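Inspection log for the structure reproduced underneath, given as structure tokens.
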Amino acid sequence: MIRGVRGATTVEFNDAEQIITRSFELMTELVRENNISPEEVVSVYFSATEDIDAAFPAKSLRRLQGWTYVPVMCMREINVPGSLSKCIRVMVTVETDIKQQDIVHVYHYDAEKLRPDLKSGKE
């Protein structure tokens with residue numbers, strides 16, 4: 001079965017190291033909580049709000065052991081008035097036997113506001 005695993009985080013500044021570090025934190029927890037191995041991953045899509053352009057969040061995946069060949073892309077999040085700023089979102093499509101309701105979606109920092117029903121992470 002192919003499932004989508006969602007997550008999001010925020011940064012305080014448009015700073016390359018913070019973008020990559022926060023994206024790495026997010027992916028590390030998402031992978032751990034869902035017991036994902038890179039061989040099971042179909043693709044990973046990151047989006048970032050327009051106020052983040054100092055680094056590609058996808059670069060964080062290269063810090064994960066064994067993720068060298070996982071297909072990954074970055075894109076711009078649409079600019080909706082009043083939406084959360086400095087936000088990085090991720091969608092990981094993965095082959096898994098986990099039931100949809102048992103997938104652990106991960107939201108860190110201010111991104112917890114996006115899905116308070118799925119509280120999971122760093123503040």
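The values are calculated or read from the model by the stated rules, or taken from the named source; none is laboratory data. It should be emphasised that the depicted structure is a prediction, and the values quoted were computed from it without experimental measurement. Quick reminder, even Gly has a Cβ in these numbers, built from the backbone with ideal geometry, and neighbours come from all protein chains shown.
Considering only residues that are among the hydroxyl-bearing types (Ser, Thr, Tyr) and under 20 Å from Glu17 (Cβ atoms), look in region 60-93 and name the one that is surrounded by the fewest Cβ atoms within 10 Å (Cβ to Cβ).
Ser85
Can you tell me which residue among Gly82, Gly121, Gly66 is modelled with pLDDT under 95, assigned to a loop (DSSP other than H, G, I, E, B) and under 21 Å from Ile2 (Cβ atoms)?
Criteria check complete, one pass: Gly66.
Among all residue pairs at least 6 apart or on different chains, which show Cβ distances below 6 Å where the first residue, located in region 32-59, is closer than 25 Å to Glu77 by Cα and surrounded by fewer than 16 Cβ atoms within 10 Å (Cβ to Cβ) and the second is at pLDDT 95 or above and small (Gly, Ala, Ser)?
Note: pairs meeting the criteria are Ala54/Ala16.
Give the residue, chosen from Gln100, Gln65, that is farther than 16 Å from Ala8 by Cα and either without any contact (Cβ under 8 Å) to a residue 12 or more places away in the chain or within 14 Å of the chain's Cα centre (by Cα) (or both).
Gln65
Looking only at region 94-109, decide whether some residue is modelled with pLDDT of 90 or more, in contact with a Phe, Trp or Tyr (Cβ under 8 Å, 6 or more places away or on another chain) and surrounded by 11 or more Cβ atoms within 10 Å (Cβ to Cβ).
no
Please enumerate the residues belonging to region 14-31 that are touching a residue at least 60 places away in the same chain (Cβ under 8 Å) and over 15 Å from Leu61 (Cβ atoms).
Asn14
Would you be able to tell me the number of residues in region 1-52 that are part of a strand (DSSP E or B) and either in contact with a Leu (Cβ under 7 Å, 6 or more places away or on another chain) or under 20 Å from Pro81 (Cα atoms) (or both)? Give the steps one after another, and end with the answer.
Here is the first cut: in region 1-52, the ones part of a strand (DSSP E or B) are 2-10, 41-48.
Within this subset, residues satisfying the condition of being either in contact with a Leu (Cβ under 7 Å, 6 or more places away or on another chain) or under 20 Å from Pro81 (Cα atoms) (or both) are 5, 7-10, 44, 47-48.
So the count comes out to 8.
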